[in-house]
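A quick write-up on the structure given underneath.
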Amino acid sequence: MLNQKVKILIVEDDPDMAELICDLVEAEGWIPVTAPSAEAAQDLLQHETVQLVLVDHNLPGLSGRAFAQRLRAQTDVGIVMVTAAGSATDRVLGLETAADDYVVKPFEPIELTARIKAVLRRTHPQLRHDREAEREQTPTALKLGDWAVDLGQRRAVCLTDPTKTLTAAEFALLEILAETANTPVSRAQILDRMGADSDRFVDRNVDVLVLRLRRKIERNPDLPRHIQTRRGKGYVLHTDDAGPSP
């Protein structure tokens, strides 16, 4: 996990959504602060220091995108757009103008926390947990069928179809499995590493995420070669450098 001394600003005008995101942030041990508008957020940032900003696109007054642009002009703080505006054009504009990542409502809690962690790792590398530092001592380049994965650079490229990408949650799962390649990782361990600190996270979240990752990584998802199930033990990753164990 990332260092717990992290403050996250949530700019959201819907009280119920703001409360939900606050719960997710607190479940990670981070400190949430909220603002119902971009103007209120600007006032708050005059006396608060935050490590990441979650901002809704559709805000009363100044839009979330305009607020993110202003914020980016002043600071390099991590910015994640959280919005119901989910078209391809909206996503591209959000990322090109200011945001580090883009999450569409309704979102899976496990995906939102994974995206937050990914942005925090990039913008605040000093916040990494010791386990992540240990990863630097292990090989970071993986070959998985048609995919070349660089864990150090947090990059996964499909060599046969460069338009294919992994979501932050899918990449986070791949990282967890790669840390102990060829050794099973239980669902409970995966949930713990991905921030499952509340009852909202269940084993089914892991199964769905594994299925999504298999559909992208495996040439035949129905007969997976790289991400295999070990009954009663969890999931195990096999790279092209080492075949599946008997």
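Throughout, read-outs are computed from the coordinates displayed, never taken from laboratory work. Keep in mind that this is a model prediction, so the values were computed, not measured. Virtual Cβ from ideal backbone geometry, glycine too; neighbours counted across all protein chains shown.
Counting only lysines at least 8 places from LYS216 when in the same chain, those with an alpha carbon closer than 17 Å to its own are LYS143, LYS164. In summary, the lysines within cross-link reach of LYS7, defined as a Cα separation below 30 angstrom excluding same-chain residues under 8 places away, comprise LYS105, LYS117.
In order along segment 54-59, the Karplus-derived 3J(HN,Hα) couplings, from 6.51 cos²θ - 1.76 cosθ + 1.60 at θ = phi - 60°, round to 9, 10, 6, 6, 8, 10 Hz, and Gly and Pro are given as x.
Sorting 109-116, 209-216 by average packing, meaning the other beta carbons within 10 Å per residue, from highest down gives 109-116, 209-216.
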